[in-house]
1. Which residues, taken from the stretch 176-196, are on the phi < 0 side of the Ramachandran plot, without any contact (Cβ under 8 Å) to a residue 60 or more places away in the chain and not hydrophobic (A, V, I, L, M, F, W, C)?
2. Pull up the stretch 170-187, narrow it to residues that are under 16 Å from L199 (Cα atoms) and aliphatic (A, V, I, L, M), then point me to the one that is surrounded by the most Cβ atoms within 10 Å (Cβ to Cβ).
3. For the stretch 255-263, indicate whether the set of residues that are free of Cβ contacts under 8 Å to residues at least 40 places away in the same chain, surrounded by fewer than 17 Cβ atoms within 10 Å (Cβ to Cβ), of a type outside the set (D, E, K, R) and in a helix (DSSP H, G or I) is non-empty.
4. Identify all residues within the stretch 190-218 that are over 29 Å from K28 (Cβ atoms) and either in contact with a strand residue (DSSP E or B) (Cβ under 6 Å, 6 or more places away or on another chain) or of a type in the set (D, E) (or both); write none if there are none.
5. Could you check, for the stretch 266-275, whether at least one of its residues is free of Cβ contacts under 8 Å to residues at least 12 places away in the same chain and either more than 21 Å from T375 (Cβ to Cβ) or surrounded by 19 or more Cβ atoms within 10 Å (Cβ to Cβ) (or both)?
6. Among the residues of the stretch 380-438, write down those that are under 29 Å from S223 (Cα atoms), of a type in the set (G, A, S) and outside any helix (DSSP H, G or I).
7. Can you tell which of N285, N335 is over 23 Å from D426 (Cβ atoms), in the same structural domain as I444 (by TED's automatic domain parsing), over 20 Å from the mean Cα position of the chain (by Cα) and in a loop (DSSP other than H, G, I, E, B)?
Amino acid sequence: MEIFHIGAECYPVAKVGGLADVIGSLPKYQSSEENKVRVVIPCYQTAFRSENDFECVHWGKLKLGNFNFPFSVLKETSNKLGFELYLIEIPELFDRPNIYNYRDDIERFLSFQIATLDWILGRSSIPDIIHCHDHHTGLIPFMKKYCPKYDKLKNIPTLITIHNGLYQGIFTFNKLYYLPEFNLINIKELEWGNCINSLATAIKCADEVTTVSPSYLNEINHSDNGLETLFQRVRHKSRGILNGIDVDVWNPNSDPMVEIHYSIENFVEGKQRNKEQLCALFNMNPTKPLFSFIGRLYNEKGADLLPKVVTSALTTFENEINILILGYGDVEIENQLTQLLSVYNGKYNVYIGYNEELAHKVYASSDFILIPSRTEPCGLNQMYALRYGTIPIVRRTGGLKDTIIDYEDNGNGICHDEASVEDVCDSIQRAVDLFKNKENIKQIRIKGMSEDHSWKNVSQEYLELYNLIIAKKYES
């Protein structure tokens, strides 16, 4: 089977969030002698691009409305990621350091989709299935299905995986001319809320829709920024498949980004030694329980709660705990967290920015990780934390609900129901009490470290779904 994964991110090539980790891991676990897996993302101006060797396997010109852009398809030559990696190079649109947040993002990602389809159209063989990820690739199922230019690709089955339904790739109909020619009788497939909605289009046109956890699939049927009725309409072709993690990359016993390696047999000593090094770096006392937050500082992640949580918790527990925050995002939240440094010096610190190596060190060193998300389609942080013997403190939502059970119910973490300062602080109180019971906390950590959250079983579930979609396509 020839499988194409198409998305905006792929770790370690270009990463903003969990989307990159998924596209950088799932294909590796799917690759075999029977399955040829190819990953396609835009060619950004990143360190990976400049530090690795690529060969040009295709070049051409894409038409975006009245504009023409030259593009190239670059193949990474060593297959070092465990799958074939292809970068779509469009210099005028993607030769920039950041992945998102440019004024012409609609033009950038639409051109990426058109270039990708143009390349696939010109290949000697066509894929057995195209797996699209999030709205950045949401128009591919439509164009493949309705644009005469791509008639040769019409029968390729497509799957759209929704990693975060909050972002939908919406733009107005005055940019309709960007798309390749199609019969306007099909324009209804593009429309949602009187605009062109890329995610809604993918949901309508793809053969199957998946979300990254079963609970998130249930939640988006009732609350997902205006797409609720659409999700209800396509429930028959939807399923929730819980993400996994790359247990080769996230392994405390071999992680090259962690100073002191440890396993389930010696994690008590290993975590403490890592914690001592991290606390020395951030001017904190390693004998106290260390609470951390790793992620983007946005409201959806509950990050707006953090300044008040830090203030309340460090006031209540005085010299009993440490809190470390690693993240970036909303400037106001960043400023509030930075201002607290002078107030709680010695028991609180914050690192504003993205630092993959530091994130690994924080997982290996922390006692608890705070994940107070308002919405969390799957969440990988809690799985990384479990792997490193760090106890997740989570709000019951989405994938967090599917993976973390409260320790009082013989589970692997600490759970609360509301995205509120009060609920988070109550959970911190429970964590402080748990930390004092060394045997109990050890058993909870062993339970978490023993769980299998690898991609092995998940990748097989996707392969079975691909075969099902292909079989249905042939039957029709």
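The values are calculated or read from the model by the stated rules, or taken from the named source; none is laboratory data. Here the structure is a predicted model, which means the values were calculated and not measured. Cβ coordinates were reconstructed from backbone atoms using ideal geometry, including for glycine residues, and neighbour counts include every protein chain displayed.
1. Hits for the stretch 176-196 are E181, N183, N186, K188, E189, E191.
2. In this case the residue turns out to be L179.
3. Taking every residue of the stretch 255-263 in turn, none turns out to be free of Cβ contacts under 8 Å to residues at least 40 places away in the same chain, surrounded by fewer than 17 Cβ atoms within 10 Å (Cβ to Cβ), of a type outside the set (D, E, K, R) and in a helix (DSSP H, G or I).
4. L190, E191, C195, I196, N197, A200
5. Checked against the condition, which is being free of Cβ contacts under 8 Å to residues at least 12 places away in the same chain and either more than 21 Å from T375 (Cβ to Cβ) or surrounded by 19 or more Cβ atoms within 10 Å (Cβ to Cβ) (or both), the stretch 266-275 yields at least one hit.
6. Across the stretch 380-438, the qualifying residues are G411, G413, A419, S420.
7. Testing whether each residue is over 23 Å from D426 (Cβ atoms), in the same structural domain as I444 (by TED's automatic domain parsing), over 20 Å from the mean Cα position of the chain (by Cα) and in a loop (DSSP other than H, G, I, E, B) leaves just N285.
Residues checked against (1) out of contact with any helix residue (DSSP H, G or I) (no Cβ under 9 Å at 6 or more places or on another chain); (2) farther than 16 Å from D246 by Cβ; (3) not hydrophobic (A, V, I, L, M, F, W, C):
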{"residue": "V16", "(1), (2), (3)": "yes, yes, no"}
{"residue": "I23", "(1), (2), (3)": "yes, no, no"}
{"residue": "R38", "(1), (2), (3)": "no, yes, yes"}
{"residue": "V57", "(1), (2), (3)": "no, yes, no"}
{"residue": "F67", "(1), (2), (3)": "no, yes, no"}
{"residue": "L87", "(1), (2), (3)": "no, yes, no"}
